[in-house]
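The values are calculated or read from the model by the stated rules, or taken from the named source; none is laboratory data. Since the model is a prediction, treat every value here as computed from it, not as a measurement. Here the Cβ positions follow ideal geometry from the backbone for every residue, glycine too, while neighbour counts run over all protein chains shown.
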């Protein structure tokens, strides 16, 4: 049996999260790859109300350029904090995840038509009976 030759791996920081300007930070749960090379994820902290948020990292316009972060949604006290784990992406580009206010599953729909913002909605609210 011949030895397996492995190529060297490199590590590069794509983006450094910051709490400035309502930025989401404490990224948690990994990222989900979008159809155009963008990365989606969520954070435990930051966002407009400090309960974390869902972000999109847009790849650089040219090789070697910087990635751009966009906060798509900020969680509030009613939704609770993001519970972690990667977001799921649906065939229509919607993002799915879970928050902590007893537990709710959410859907975040991409902008449609003349809308410029992502639309957040709770699609399932867990109860103590369903979370036990």
Scanning the stretch 50-75 for residues that are part of a loop (DSSP other than H, G, I, E, B), touching a strand residue (DSSP E or B) at 6+ places or on another chain (Cβ under 6 Å) and modelled with pLDDT under 90 gives 52, 75
Single condition residue 72 does not satisfy, out of (1) under 14 Å from residue 122 (Cβ atoms); (2) under 10 Å from the mean Cα position of the chain (by Cα) = (1)
Going through the stretch 76-112 one residue at a time, which ones are at pLDDT below 80 and either farther than 19 Å from residue 50 by Cβ or touching a helix residue (DSSP H, G or I) at 6+ places or on another chain (Cβ under 6 Å) (or both)?
-> 85, 102, 103
Would you kindly identify the strands (runs of 3 or more DSSP E) lying entirely within the stretch 85-126 that contain at least 2 residues that are under 19 Å from residue 39 (Cα atoms) and in contact (Cβ under 8 Å) with a residue 40 or more places away in the chain?
-> 95-99
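Somewhere in the stretch 36-48, is a residue touching a helix residue (DSSP H, G or I) at 6+ places or on another chain (Cβ under 9 Å), touching a residue at least 12 places away in the same chain (Cβ under 8 Å) and surrounded by fewer than 17 Cβ atoms within 10 Å (Cβ to Cβ)? Don't jump to the end; show me each part of the working.
At the first step, the residues of the stretch 36-48 found to be touching a helix residue (DSSP H, G or I) at 6+ places or on another chain (Cβ under 9 Å) are 46-48.
Adding the requirement that they be touching a residue at least 12 places away in the same chain (Cβ under 8 Å) leaves 46-48.
Then drop every residue that is not surrounded by fewer than 17 Cβ atoms within 10 Å (Cβ to Cβ), which leaves 48.
Within the stretch 36-48 (the criterion being touching a helix residue (DSSP H, G or I) at 6+ places or on another chain (Cβ under 9 Å), touching a residue at least 12 places away in the same chain (Cβ under 8 Å) and surrounded by fewer than 17 Cβ atoms within 10 Å (Cβ to Cβ)), the answer is yes, since at least one residue qualifies.
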Note on the stretch 17-48: residues at pLDDT below 80 and closer than 21 Å to residue 64 by Cβ are 17
